[in-house]
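A.B. asks: Okay, here's the structure, questions in a sec.
The values are calculated or read from the model by the stated rules, or taken from the named source; none is laboratory data. On a predicted model such as this, the values are computed, not experimentally measured, just so you know. When we count neighbours, we look across all protein chains shown, and the Cβ atoms used for this are built from the backbone with ideal geometry, even at glycine.
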Amino acid sequence: MNKGKGRISSKLLRRRDFLTKATGGVVAAAAFGAVPLRGWAADPVNIGGLYPVTGSMAQIGQGCVAAAKLAVEMVNEAGGIKSLGGAKLNLILSDVQSDTTVTRTETDRLISGNKLSAVHGCFASALTLIASEVAERAKVPIITGSSSDMLNKGRTYTFTPFARASQFAKAQLQMAKLVGDSPKVAVIFENTAFGTSTSNGLKELAPAEGVEIVMFEPYSAGFTDASPLINKVKASGANALFSVSYLNDLILIVRTVKQVGLNVAINGGSGGFVIPDFYKNVGKLAEGLQGVAHWNHDMSDDAQKVNAEYKKRTGEFLFEYAGGLVAQTFMLADALERAASADPQKVRDALSALDVSKGYAAMAPGGKVKFGPDGKNIYGRPVGVQWQNGDLASIFPKEDARAPLMKS
Amino acid sequence: MLEIVIQAVINGLLIGGIYALVSIGVTLIFGVVKIVNFAQGEFVMIGMYISFFLATQFGIDPIVSLIVSMPVLFIIGVLVQHFLIRRVLGLNDLPQIFLTFALSLLILNLALMLLTANYRTVHTWYSDEAFHVGGLYIPFAKLIAFVLAMLLSGMLWVFLHTTDLGKAMRAASQNRDVAQLMGINPNRVFAVALGIALALAGAAGSLLMPFYPAYPMVGQVFVLMAFVAVVLGTLGNVIGALVASLLMGIAESLGIQFIGADSGLIVVFLLLLTTLAVRPSGLAGGRRR
């Protein structure tokens, strides 16, 4: 950075540099209660967190950050990483601004600017795919709740402890049969990558699951009025409606179904459908609506404990991404414990050998986490949920159900 | 079959009423002040948030809160004209375009920062109810919005045709220089035009609130349709914008019903292009220009 100054001043600069650093160090030491004196304290282990806390995905991103902080506190209060002399986890957050370009530069900056042992993020598949590419190249392990199947292709540092998108479609189809023996399903989906890939999965699997699809209709997201679309669903004679939609459209769809007086069982999928904000916007109309999630707060006693604490802090229940993130932090802690090192390569190796069936790290539908060679949890499966009394209840499959199905 | 067609027309007509309020504002500003207001959608958004906060904080019905959102936006309109638009009038088009565009981006991002990207909904007793007649249904909230939108448009028409200020406004829109020679103060006329246009945007916001969620980007959804309606209905023509908005609503709805749910905009723009091919200055375009 001092190229322009030439050789003459380099010595001087070095001295000045030394002085600044030394003074800075003394000042810092004084300010933080003379940290260097406590030589016995282990160096903290840096964990990176990449979430969009501004922009269009900020809603979910902010919840993730709250959960990530809570999880780190829990690990530290329980004594940190014992094999590293009780080292504390140090969470370094970065805002990826709901933008793919920013995600690339921020991930790069976070990894190159800090000595990280591992990274987690970013919830939205489009962002996570990019963050995982950068992390792979930098050889830093990344653990994520994102459901895109693409994350399990040709990657060695990416770990996905929860159900994959392809599994979600199957679960949704099976849930259609909870309502009636011969479900006639209308599938409506927004016509970009998210909607088309999910709905195609539904279409492919439907015959094998014995579900008849009577309407399969793409629409352009961000419409001003859902009435024409719902008019069409009505004409199709469907008794179940799968909507692969962003939150805004979904709110309009649910409200319009009510206005039309149409009697269909709605399955809203995952993402925006299974967060507290959905209920806030739709209110009582949400009661009885079904969806799928990779995590739910009523799964286990551990999950409920974390949920209670999260609720105390934020006033809302712990939604799937945020809850899964707490489990992920404990998976990282487990790996660090076994690796007995903060070196990202060793942490990756320990993660790939992870095998848990109890504790906070095992908070996943099924209660077990073990990664296959593709970074996929071999026990991973989604859980079917239903809005009941303003809360999300797990109702499917039988072994994961925590509440009976509410018939509307 | 007939029932489906009638229902599609009703749906289109009802949403067309909202398009009308937004597009009349745009066309009024264009007709009188000769600038394109790219920020019109953001003023709809402000109207929505005003109604949202009045509803959640004071329990005021969003439709009733029209009496707050319209005056507030009228004043904002006068201020925008006085402090911003007035400065760039008479220059070439570029500063004017960038001014309203910058205003749009500024308001949008301020809203994202201050209000967050969350969706906000108001539930009223009529929000999710509808009249059912035969196999048809007419949602209450949209019907109220439509009736009030038509009423406000009618009032604007009466104002433009019977009052001195209204006539001055039309005069200024037809020929600014001659109007000035006749003793019309253009700045005053422009300020009122901006005020009325923004008040209409505010009204659209309040009327939307019982059935549409508010969020910072919501204006963008409606402003695109408004611009199409303005061109389709002949630039600067209030009645043209109104008729075009209703037609577009119906075309969109029929398109979704009979072609495909992602064809709504395709149908609307086809309507625009064919109209322009036959009548280059829009539906209401006479031989005036």
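A.B. asks: Within region A:323-376, how many residues are free of Cβ contacts under 8 Å to residues at least 40 places away in the same chain, part of a helix (DSSP H, G or I) and acidic (Asp, Glu)?
C.D. replies: Residues in region A:323-376 being free of Cβ contacts under 8 Å to residues at least 40 places away in the same chain, part of a helix (DSSP H, G or I) and acidic (Asp, Glu): 2 in total.
A.B. asks: So for region A:98-112 (the condition being without any contact (Cβ under 8 Å) to a residue 24 or more places away in the chain, under 16 Å from the mean Cα position of the chain (by Cα) and crowded, with 19+ Cβ neighbours inside 10 Å), does at least one residue qualify?
C.D. replies: No, because not a single residue in region A:98-112 is without any contact (Cβ under 8 Å) to a residue 24 or more places away in the chain, under 16 Å from the mean Cα position of the chain (by Cα) and crowded, with 19+ Cβ neighbours inside 10 Å.
A.B. asks: Which of the residues that make up region B:188-236 are in contact (Cβ under 8 Å) with a residue 60 or more places away in the chain, away from chain A (no Cβ under 14 Å) and assigned to a loop (DSSP other than H, G, I, E, B)?
C.D. replies: B:Gly233, B:Leu235, B:Gly236
A.B. asks: Further question on the same structure: Select from region B:110-138 the residues that are surrounded by 12 or more Cβ atoms within 10 Å (Cβ to Cβ), free of Cβ contacts under 8 Å to residues at least 40 places away in the same chain and more than 9 Å from chain A (Cβ to nearest Cβ) and list them in ascending order.
C.D. replies: Residue satisfying the conditions is B:Leu110 alone.
A.B. asks: For residues in region A:301-335 being within 21 Å of A:Val356 (Cβ to Cβ) and in contact with a Lys or Arg (Cβ under 9 Å, 6 or more places away or on another chain), which is surrounded by the most Cβ atoms within 10 Å (Cβ to Cβ)?
C.D. replies: The extreme case among them is A:Leu318.
A.B. asks: While we're here: Hey, can you tell me all the residues within region B:237-260 that are assigned to a loop (DSSP other than H, G, I, E, B) and surrounded by 24 or more Cβ atoms within 10 Å (Cβ to Cβ)?
C.D. replies: B:Asn237
A.B. asks: Sticking with this one: State the number of residues belonging to region A:181-211 that are of a type in the set (S, T, N, Q), surrounded by fewer than 20 Cβ atoms within 10 Å (Cβ to Cβ) and more than 14 Å from every other protein chain (Cβ to nearest Cβ).
C.D. replies: Result for region A:181-211: 3.
A.B. asks: Considering only region B:240-265, how many residues are under 21 Å from the mean Cα position of the chain (by Cα), within 9 Å of another protein chain (Cβ to nearest Cβ) and at pLDDT 90 or above?
C.D. replies: Selection size over region B:240-265: 3.
A.B. asks: Look at region B:261-289 and say how many of its residues are part of a loop (DSSP other than H, G, I, E, B) and more than 22 Å from B:Leu2 (Cβ to Cβ).
C.D. replies: Summing the residues that are part of a loop (DSSP other than H, G, I, E, B) and more than 22 Å from B:Leu2 (Cβ to Cβ) in region B:261-289 gives 12.
A.B. asks: Give the number of residues within region A:332-388 that are farther than 28 Å from A:Leu173 by Cα and among the aromatic types (Phe, Trp, Tyr).
C.D. replies: 1
A.B. asks: When only residues in region A:218-241 that are surrounded by 20 or more Cβ atoms within 10 Å (Cβ to Cβ), more than 7 Å from chain B (Cβ to nearest Cβ) and of a type in the set (Gly, Ala, Ser) count, which is nearest to A:Arg255 (Cα to Cα)?
C.D. replies: Step by step, filter region A:218-241, then rank; the result is A:Ala226.
A.B. asks: Related question: For the condition touching a Ser or Thr at 6+ places or on another chain (Cβ under 7 Å), assigned to a helix (DSSP H, G or I) and modelled with pLDDT under 95, what is the one hit in A:Asn281, A:Asn248?
C.D. replies: A:Asn281
A.B. asks: Turning to a different aspect of this structure: Being surrounded by 15 or more Cβ atoms within 10 Å (Cβ to Cβ), more than 18 Å from A:Ala68 (Cβ to Cβ) and not aliphatic (A, V, I, L, M) is the filter here, so list the residues in region A:360-374 that pass it.
C.D. replies: If the condition is that a residue be surrounded by 15 or more Cβ atoms within 10 Å (Cβ to Cβ), more than 18 Å from A:Ala68 (Cβ to Cβ) and not aliphatic (A, V, I, L, M), then A:Pro365, A:Gly366, A:Gly367, A:Lys368, A:Lys370, A:Phe371, A:Asp374 are the ones that fit.
A.B. asks: I would also like to ask the following. With respect to the numbered conditions (1) under 15 Å from B:Leu21 (Cβ atoms); (2) over 13 Å from the mean Cα position of the chain (by Cα), which one is the sole condition not fulfilled by B:Leu207?
C.D. replies: Status for B:Leu207: all satisfied but (2).
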